[in-house]
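Chemist: Below is the structure I would like to discuss, written out as structure tokens.
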Amino acid sequence: MGAELIARVRFNDQGLVPAIAQQWDSGEVLMMAWMNQDALELTLETGKATYFSRSRSKLWVKGETSGNFQAVRELKLDCDGDTILLEVDQLGEACHTGARSCFDAGKHHTV
């Protein structure tokens, strides 16, 4: 299953694909990060969300320093193959600011 999924991913020119993490049971959108092929493979192998840091140019497992891991329950690829949706069980906060979500509901704008 993993190799078949990876073959369908359309990585951008930098070898990255956006990955959106969503709380599996509530549907709450938690964060967006980037994955390269190695991050995707590790996520599929370990069940822990693993991303690629563009600023540090290295892989990082969500929660490896904070303890706020994301246990991946399901991984979906959109119809174009250019965005990943991770349905996760978020342990603790998702955002580096200490907020539950990087999409702070208290700061939304009505359109």
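The values are calculated or read from the model by the stated rules, or taken from the named source; none is laboratory data. Just so it is clear, the structure is predicted and the values come from calculations on it, not from any experiment. In this analysis, Cβ positions are derived from the backbone assuming ideal geometry, glycine residues included, and neighbour counts consider all displayed protein chains. Only protein heavy atoms, including side chains, enter the accessible area calculation; ligands, DNA and RNA are left aside. Shrake-Rupley method; radii C 1.70, N 1.55, O 1.52, S 1.80 Å.
Chemist: What's the total number of residues in segment 97-106 that are touching a strand residue (DSSP E or B) at 6+ places or on another chain (Cβ under 9 Å) and open to solvent by 50 Å² or more (accessible area, probe 1.4 Å)? First the steps, then the outcome.
Modeler: Going residue by residue through segment 97-106, those that are touching a strand residue (DSSP E or B) at 6+ places or on another chain (Cβ under 9 Å) are 100-103.
Adding the requirement that they be open to solvent by 50 Å² or more (accessible area, probe 1.4 Å) leaves 100, 102-103.
Of the residues in that region, 3 qualify.
Chemist: Does any residue of segment 61-73 turn out to be under 16 Å from L5 (Cβ atoms), at pLDDT 95 or above and open to solvent by less than 80 Å² (accessible area, probe 1.4 Å)? Explain how you work it out, then say what you get.
Modeler: The initial filter retains those residues of segment 61-73 that are under 16 Å from L5 (Cβ atoms), namely 72-73.
Filter again for at pLDDT 95 or above, leaving 72-73.
Then keep just the ones that are open to solvent by less than 80 Å² (accessible area, probe 1.4 Å); that gives 72.
Looking through segment 61-73, at least one residue is under 16 Å from L5 (Cβ atoms), at pLDDT 95 or above and open to solvent by less than 80 Å² (accessible area, probe 1.4 Å).
Chemist: Looking at segment 59-73, which of its residues are without any contact (Cβ under 8 Å) to a residue 12 or more places away in the chain and within 18 Å of P18 (Cβ to Cβ)?
Modeler: Our first condition is that a residue be without any contact (Cβ under 8 Å) to a residue 12 or more places away in the chain; within segment 59-73, this holds for 60, 64-65.
Of everything in segment 59-73, just one residue is without any contact (Cβ under 8 Å) to a residue 12 or more places away in the chain and within 18 Å of P18 (Cβ to Cβ), namely W60.
Chemist: Another question, then. If you go through segment 27-42, how many residues are in a loop (DSSP other than H, G, I, E, B) and within 12 Å of the chain's Cα centre (by Cα)? Lay out the reasoning, then the answer.
Modeler: Here is the first cut: in segment 27-42, the ones in a loop (DSSP other than H, G, I, E, B) are 27-28, 36.
In the following step, the residues that additionally are within 12 Å of the chain's Cα centre (by Cα) were identified as 36.
Qualifying residue count, segment 27-42: 1.
Chemist: Take the residues of segment 78-96 that are of a type outside the set (D, E) and buried (at least 17 other Cβ atoms within 10 Å of the Cβ): which is farthest from N12 (Cα to Cα)? Can you show your working first?
Modeler: Just the residues of segment 78-96 that are of a type outside the set (D, E), to begin with: 79, 81, 83-86, 88, 90-92, 94-96.
So of that shortlist, the ones also buried (at least 17 other Cβ atoms within 10 Å of the Cβ) come out as 84, 86, 88, 90, 94.
Values: I84: 13, L86: 18, V88: 24, Q90: 27, A94: 25 Å.
Here the answer is Q90.
Chemist: Right, here's the next one. Could you list all residues from segment 76-105 that are over 12 Å from L30 (Cβ atoms), acidic (D, E) and either in contact with a Leu (Cβ under 7 Å, 6 or more places away or on another chain) or without any contact (Cβ under 8 Å) to a residue 40 or more places away in the chain (or both)?
Modeler: D78
Chemist: Testing M35 on (1) of a type outside the set (G, A, S); (2) touching a strand residue (DSSP E or B) at 6+ places or on another chain (Cβ under 7 Å); (3) under 15 Å from Q70 (Cβ atoms); (4) free of Cβ contacts under 8 Å to residues at least 24 places away in the same chain, one condition comes back false. Which one is that?
Modeler: Result: M35 passes all but (4).
Chemist: Filter segment 3-26 down to the residues that are out of contact with any strand residue (DSSP E or B) (no Cβ under 9 Å at 6 or more places or on another chain) and either small (G, A, S) or not in a helix (DSSP H, G or I) (or both) and list them by number.
Modeler: A3, A7, D13, S26
Chemist: If Y51 satisfies all but one of (1) open to solvent by less than 30 Å² (accessible area, probe 1.4 Å); (2) out of contact with any helix residue (DSSP H, G or I) (no Cβ under 6 Å at 6 or more places or on another chain); (3) in contact (Cβ under 8 Å) with a residue 24 or more places away in the chain, what's the number of the condition it fails?
Modeler: (2)
Chemist: Mind listing just one residue for me: the one in segment 38-48 that is touching a residue at least 24 places away in the same chain (Cβ under 8 Å) and under 14 Å from V88 (Cβ atoms) and, of those, most open to solvent (accessible area, probe 1.4 Å)?
Modeler: Going residue by residue through segment 38-48, those that are touching a residue at least 24 places away in the same chain (Cβ under 8 Å) are 40-41, 43-45, 47-48.
Filter once more, keeping what is under 14 Å from V88 (Cβ atoms): 43-44, 47-48.
Working: T43: 4, L44: 76, G47: 25, K48: 92 Å².
The extreme case among them is K48.
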